[in-house]
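Have a look at the structure below before the remarks.
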Amino acid sequence: MLRVMARKAHGFTIVELLIVIIVIAILATISIVAYNGIQNSAAETALKSDLRNAATQLGLAYANDGVYPGLAATLSKSAGTTFEYDSDGTGYCLSATSNRPGVGDWHISNTLGLTEGVCDGHTAGLGSPEGSTFLTTGGFTDITHSYGTGDTMRANIASVPTGAWMVVVLSYWPTENATAPAGWTTLVARKTTNTMRTSIFAKIKQSGDADNQDFQAAGTNGINNTNGAFLWGRNGAAVSSWTLGEFGDRANNATPTTALTPTLTTTAANSLVLSIATERTNADEANYVSLTGATPWAWVPQPTGVLAKNQTITVGYNEQAAVGQSQAMTVTYPNSMNTNATAVQIAIPPAN
């Protein structure tokens, strides 16, 4: 009799399964790394292409007009590219960054071809999470010296990136309320400190905003004086999330030091805290002597020769990593003829 032997069936061992899983994981990792590398390479190629195309546009503008444009608002670029541009008419420098992490920054100018990194004075990582984790300062423009009845203060926002936060500070003497263009949020409607008034307006830059934004603080009752500062930075959050502190006043006295800026409590990590001080003085001042408790950013001197109607604006900032109480700012001015001053802090949280 023939005896048929039954063959015993068996599956994979645990060791064999683990080996298969490890091999699959390694292959998946290699694929992801390769894919990210391809994507980053494509994004960097797009940056370089955007810069070359922009340089061609700028060269044509110079050939037609004899000067380079003052603003880069009309330069075409890819959706993931952010430009930062400076020009004095005779030359320019244009930086480009990607919103994709891991992509390097590049720049181009009228004298240099494509160069890795950003132009001097520009901020690296404008669109990349690998840049600063803080909500950063960006630019400052002195929109100052409105003397006559009905004069306006003009802030040109054409070169400000869409989504950036914008703040305008006005320090003035007239009794009428300052007014802002449509779409601006009034953070401080009118702060009266003896004979000085302070107004602060804020906005997130929108793609359809007009290049020129006109503010009114000159009043209608004769020759008056207004100073203004336009500040902006990147990664702006919603206007409603901005936090305004309490004002700290310094009454008329003979000391050149302001009262301490009252602190505020930030509610989000990596917030930017602006410390803003305004002053009215009978003396001409070219600059403050010192600013403590904040990184100096902007000084707007009062126009000279307008006795008892002179306003100064001082701005400092802190990039505060943790939630909690902010630092206080103290401004020391160069003389002891100050009349009155006030100061306030504004906290701007990151967009995400």
1/(1 + (r/R0)^6) with r = Cβ-Cβ of Asp284 and Ser41, R0 = 41 Å, i.e. FRET efficiency to nearest 0.05, evaluates to 0.10
I want to check the label-to-label distance for Asn99 and Asn194. Put each point 7 Å from Cα in the C-beta direction and report it in nm to one decimal. 4.9 nm
Give the order of Ser159, Ser171, Ser76 when sorted by the count of other beta carbons within 10 angstrom, beginning with the fewest. Ser76, Ser159, Ser171
Give me Ser109, Ser290 sorted ascending by neighbouring Cβ count inside 10 Å, so fewest comes first. Ser290, Ser109
Residue order, fewest to most surrounding Cβ atoms within 10 angstrom, among Ser95, Ser41: Ser41, Ser95
Cα-projected label distance for Val15 with Thr185, points at 7 Å along beta-carbon direction, nm: 6.5 nm
Nearest 0.05, what FRET efficiency do Ala210 and Asn64 give at R0 = 35 Å with Cβ-Cβ as r? 0.90
Pop the C-beta distance of Thr111 and Ser78 into the FRET formula with R0 = 30 Å and round what comes out to the nearest 0.05. 0.75
Contour minus Cα-Cα span, Asn53 to Ser241, at 0.36 nm per residue, comes to 63.9 nm
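Only the coordinates and a few stated rules stand behind these numbers; no lab work does. Given the structure is predicted, the values throughout are model-derived calculations rather than measurements. Cβ: placed from backbone, ideal geometry, glycine included. Neighbour counts: every protein chain shown.
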